[in-house]
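One structure below.
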Amino acid sequence: MIQPKVSICIPTYKQVNYLQRTIDSVLKQDYTDFELVITDDSPDGSVKNLLDKYDFKGKLKYYKNTNPLGSPENWNECVRKASGELIKILHHDDWFTESYSLKKFVDALDDPKIGFVFSMTSSINSKLKTETRHVVDEKFLQDLKNDPSILFFGNLIGPPSSVMYRKSNGIKFDTKLKWVVDIDFYIQCLLMNKNFIFLTDALITSVNNAEHSVTNDCVNKEVEVYEYAYLYKKIGGQKRISSRYVDFFRHLFHRYNVSKNEVKELLRELKPDKNIRLALLRNKVGI
């Protein structure tokens with residue numbers, strides 16, 4: 001069997017109405033040297049029933065997970081099943097905006113020095129029915145190349161569907177994370193290879209504020225505070241002297257009304273730079 005250039009990886013969990021639109025956008029692509037890998041975490045046969053309605057012309061690799069893996073391990077499983085050189089994650093509620101979207105991603109990775117590419121994304125608010133596009137300026141791109149950890153302070157890359165990378169980098173999505181799992185993944189990819197390309201076309205359209213979104217379960221103190229603390233340690237933030245970290249955590253703690261005792265406990269875990277520790281305690285994290 002000839003190895004495809006690209007693996008389009010769609011980790012699924014029900015929501016077949018969204019998935020149908022995603023698959024339709026894949027089959028409309030001008031670039032055709034790809035396989036479509038779908039791992040199914042659904043408790044029912046809804047995804048398989050939808051797939052049976054299509055003729056994938058031998059491009060489909062479908063796997064039903066014996067036990068539900070959850071997010072993001074289902075994403076990792078999808079990538080593990082892939083055989084292509086390039087990985088194009090496409091979440092089941094996102095889709096290729098244009099018929100040339102995939103080709104644009106592939107062309108950007110023609111240069112073997114480039115390990116990561118991301119595009120502008122159109123984002124549709126499912127409740128408000130509004131559409132926005134995230135703005136990326138030259139300063140951010142330069143700062144990102146100099147220090148990928150700046151993504152800690154804001155995800156200007158976008159959702160995982162907006163990126164493509166080389167499978168050979170071997171980086172997995174951290175299963176301890178949900179809220180900042182994409183940020184962590186991007187940082188790890190770019191720390192390995194800082195050569196990236198940003199595509200100014202909105203090649204992907206994504207849905208936000210949907211009722212089924214995993215991130216709806218993450219907007220709370222137990223998840224968000226823990227995950228930013230975990231990521232802070234993982235990227236070596238505790239070794240840095242930076243007022244940005246102080247301000248970031250101060251605002252985060254204030255938003256969730258974190259008590260001073262909770263802050264002390266967290267600081268024991270984080271072991272930050274002494275200046276950051278003192279600044280947070282001295283200011284009582286803004287509460």
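Read-outs throughout are calculated quantities, based only on the coordinates presented, and are distinct from any laboratory measurement. None of these values were measured; they are calculated from a predicted model. No Cβ is skipped: glycine too gets one built from the backbone with ideal geometry, and neighbour counts run over all protein chains shown.
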So, how do all the Cα-to-Cα distances of the chain break down into 5 Å bins, in percent, from 0 on up?
-> 1, 5, 11, 15, 17, 16, 13, 9, 6, 4, 2, 1, 0
Quick one: length gained pulling Tyr63 to Ser99 fully straight, 0.36 nm per residue minus the C-alpha distance?
-> 10.3 nm
Points 7 angstrom from Cα along the Cβ direction at His254 and Phe153: gap in nanometres?
-> 1.6 nm
For segment 1-132, count all C-alpha to C-alpha pairs, find those more than 18 Å apart, and express that count as a whole percent of the total.
-> 55 percent
For Leu199, the residues 5 or more places away or on another chain with a placed amide H closer than 5 Å to its own amide H are Phe118, Ser119, Met120
Qualifying trypsin sites (Lys or Arg not before Pro) in segment 60-149, DSSP loop, other Cβ atoms within 10 Å at most 13 | Lys113, Lys127, Lys129
Could you grab the relative contact order for segment 6-215? Cα pairs under 8 Å, six or more apart, rounded to a whole percent.
-> 27 percent
